[in-house]
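Colleague: Below: one structure in C-alpha cells.
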C-alpha cells in the first residue's frame with residue numbers, strides 16, 4: 001500500500017458514499033406492480049457487511065445521493081446508516097452539514113463516488129475513492145481505485161482498507 005494512502009486512511013473518522021454506481025452497479029430498473037411503478041436496486045451483501053463493521057468500529061457511514069428512493073432509505077436503515085441525504089444534486093451542502101455534525105476536518109473524511117458530478121467532493125476530502133467502474137475522469141482524480149466495480153463489493157474493499165490501517169480489524 002502506498003505510504004500516502006496509509007496516512008490518509010489512518011485519519012478517517014467518517015465515510016461518505018454515493019449510491020448509484022457505488023453501492024449499486026448503476027443500473028436503474030423499473031417495473032410495474034399492477035397500477036404502480038416499482039424501482040429495483042441490487043446491493044451487494046459484502047458492502048453491507050463492511051458498512052456494518054465500520055459503524056460497529058466507531059466510524060459512521062453516511063450517504064449523499066442525487067436521486068430519491070425508498071429502497072435506499074430501507075437499505076440505510078438496515079445497515080445502521082443514520083445520515084442519509086437524498087435528492088442532493090449539489091452534494092456540498094449535505095457534506096458541510098456532516099462536517100459540522102461530526103466536527104471534522106476535510107482530511108478526516110473519506111468519500112467514494114463514481115461520476116464527474118462528484119469531483120467537487122472527491123477533491124475536497126482526505127481520502128477519495130472510486131470503484132473500478134467509475135468514469136475515467138474520476139478514476140484519474142482519486143486516491144484509491146478499488147479492484148471491484150460499483151455494487152460488486154467496492155465499498156467493502158475501501159472500508160476494509162481503512163479498518164485494517166486503523167487496526168480495527170485484521
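Colleague: Taking only DSSP H segments of four or more residues, each worth -39500 (n - 2.57), what value at 222 nm results for the chain once the sum is divided by all its residues, to the nearest 500 deg cm²/dmol? Mind dumping the intermediate values first?
Modeller: On the way: 7 runs with 63 residues, N = 170.
Taking each H run of at least 4 residues, the total per residue is -10500 deg cm²/dmol.
Colleague: Further question: Which whole-angstrom value gives the distance between the alpha carbon centres of region 1-74 and region 144-170?
Modeller: Centre-to-centre (Cα) distance: 13 Å.
Colleague: May I pose another question? Over the residues of region 75-170, compute the C-alpha Rg and express it relative to 2.2 N^0.38 Å.
Modeller: In units of the 2.2 N^0.38 Å rule of thumb, it is 1.08.
Colleague: Just need the relative contact order of region 1-113 here, percent rounded to a whole number, with Cα pairs under 8 Å and 6+ apart.
Modeller: 35
Colleague: Using only Cα positions of region 47-106, each an equal point scatterer, no hydration layer, compute I(q)/I(0) via Debye at q = 0.15, 0.23, 0.29, 0.30 Å⁻¹ and quote the log10 values to two decimals.
Modeller: Per q value, in the given order, log10 I(q)/I(0) is -0.46, -1.00, -1.21, -1.22.
Colleague: What percentages make up the Cα-Cα pair-distance distribution of region 17-80 when the bins are 5 Å wide from 0?
Modeller: 4, 15, 28, 24, 14, 8, 4, 2, 1
Colleague: What is the order of 6, 100, 67, fewest Cβ neighbours within 10 Å to most?
Modeller: Ascending Cβ contact count within 10 Å gives the list 100, 6, 67.
Colleague: What is the ratio of the Cα radius of gyration of the chain to 2.2 N^0.38 Å, where N is its residue count, to two decimals?
Modeller: Details: Rg = 15.2 Å, N = 170, 2.2 N^0.38 = 15.5 Å.
In units of the 2.2 N^0.38 Å rule of thumb, it is 0.98.
Colleague: If you take the Cα Rg of region 1-50 and divide it by 2.2 N^0.38 Å, with N the number of residues, what do you get? Write out the running numbers ahead of the final one.
Modeller: Working: Rg = 17.1 Å, N = 50, 2.2 N^0.38 = 9.7 Å.
Taking the Cα Rg and dividing by 2.2 N^0.38 Å, one obtains 1.75.
Colleague: Could you state the angle between the C-alpha long axis of helix 154-165 and the longest principal axis of the C-alpha atoms of the chain, as a value from 0 to 90 degrees rounded to the nearest 10?
Modeller: The two axes meet at around 20 degrees.
Colleague: Antiparallel as a % of all DSSP beta bridges within the chain, to the nearest 5?
Modeller: 25
Colleague: Give me the distance in nm between label points sitting 7 Å out from Cα along the Cα-to-Cβ direction at residue 120 and residue 101, one decimal.
Modeller: 1.9
Colleague: Quick one: length gained pulling residue 33 to residue 167 fully straight, 0.36 nm per residue minus the C-alpha distance?
Modeller: Values: separation 134, 0.36 × 134 = 48.24 nm, distance 4.69 nm.
Going from the current span to full extension adds 43.5 nm.
Colleague: Now for a different question. Tilt of helix 45-56 relative to the longest C-alpha principal axis of the chain, in degrees (0 to 90, nearest 10)?
Modeller: Roughly 50 degrees, rounded to the nearest 10.
Colleague: Starting with the fewest neighbours, write out 57, 128, 133, 69 ranked by other beta-carbon atoms found within 10 Å of each beta-carbon.
Modeller: 57, 69, 133, 128
Colleague: So, one more: With everything on Cα atoms, drop me the angle between helix 92-102 and the longest principal axis of the chain, reported from 0 to 90° to the nearest 10.
Modeller: Taking the Cα atoms of the chain, the angle to 92-102 is about 60 degrees.
Colleague: As a footprinting exposure proxy, order 132, 8 by other Cβ within 10 Å, with the fewest listed first.
Modeller: 132, 8
No value in this document is a laboratory result; all are computed from the given coordinates. Note that the coordinates shown come from a computational prediction; the quantities given were computed from them, not determined experimentally. When we count neighbours, we look across all protein chains shown, and the Cβ atoms used for this are built from the backbone with ideal geometry, even at glycine.
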